[in-house]
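Everything below concerns the one structure shown next.
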Amino acid sequence: MFELFVTGRTLPEAYHNALVALHAQHDEMPCPDYNTNQKESSLTFVVECATAEPMISRLFIGDPRALEQYRQEMLDGILDFQVALGNWEYTYHLRMEGQIPWIIDELRRNPHSRRAVISIRDEHDLESASPACLQSIQFLIRGGALHCKTLFRSNDAAKATFMNAFALVMLQERVAAQVGVPVGSYTHRANSFHVYERDYPLLEAYVARIKRGGEIAYNYVGDWDALMRDAQPDIAESVRQLKEER
């Protein structure tokens, strides 16, 4: 199994380098749980300056509304009620929310701590048909900045990774603000960094676009952040309607 490591100054640069690396070095193998095949490597990418601009990849297949909704799902738990309704087994927010206050207290108590780890995987995943992909998040203050290191057991490179990483950087920024330190690096580790067979052409197109060069990222601040704020009323209305359908 290929073990890959890439870096980038910004989130899009690191993500794009990860796509190129997967395209170049991977195993092609069956994925029987989903009745398909996949291209797979183990991969770590490091974003040297987690909130440096530009922050938004132009290869992200969603729009500002989709990214804002996912950010709210992970950080604010806007769809946690789906678990109570029995529609979902879990949300990342539900598994994180009780741990975050302790994380902040621990980092304030000891800025050199190695204990500020959020565990996402739990005993319910042992019997689940859809266990959590994200396993853990660790925060470390080093050099006066808050660094974030995440571990995924499985990560869909073409359709999930950018959205996952962006939301986790937003979480990192929130924790850093409450601890009172600047944001440092972001490290994203996927033991299975993969693309399903149906998305092979998408990966090919992504890599071709990256290799052509030119502008392949947008600014978040002053561009997408405004578009994401504009989407908030529509997201709130959609959530309200979902709750009324219970």
Looking only at residues in the stretch 100-139 that are of a type in the set (A, V, I, L, M) and under 16 Å from N164 (Cα atoms), which one is surrounded by the fewest Cβ atoms within 10 Å (Cβ to Cβ)? A132
Candidates D225, D234 - the one that is charged (D, E, K, R), farther than 30 Å from D33 by Cβ, touching a residue at least 24 places away in the same chain (Cβ under 8 Å) and in a helix (DSSP H, G or I): D234
Here is a check on your reading of the model: is A177 of a type in the set (A, V, I, L, M), assigned to a helix (DSSP H, G or I) and in contact (Cβ under 8 Å) with a residue 40 or more places away in the chain? no
I'd like the residue in the stretch 140-154 that is surrounded by fewer than 22 Cβ atoms within 10 Å (Cβ to Cβ) and in contact with a strand residue (DSSP E or B) (Cβ under 6 Å, 6 or more places away or on another chain) and, out of all such residues, is nearest to E197 (Cα to Cα). S154
Residue that is surrounded by the most Cβ atoms within 10 Å (Cβ to Cβ), among those in the stretch 187-208 that are among the charged types (D, E, K, R) and more than 19 Å from F45 (Cβ to Cβ): E197
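Each value in this text was obtained by applying a stated rule to the coordinates, not by laboratory testing. All values reported here derive from a predicted model rather than from experimental measurement. Here the Cβ is made from the backbone with ideal geometry for all residues, glycine too, and neighbour counts use every protein chain on show.
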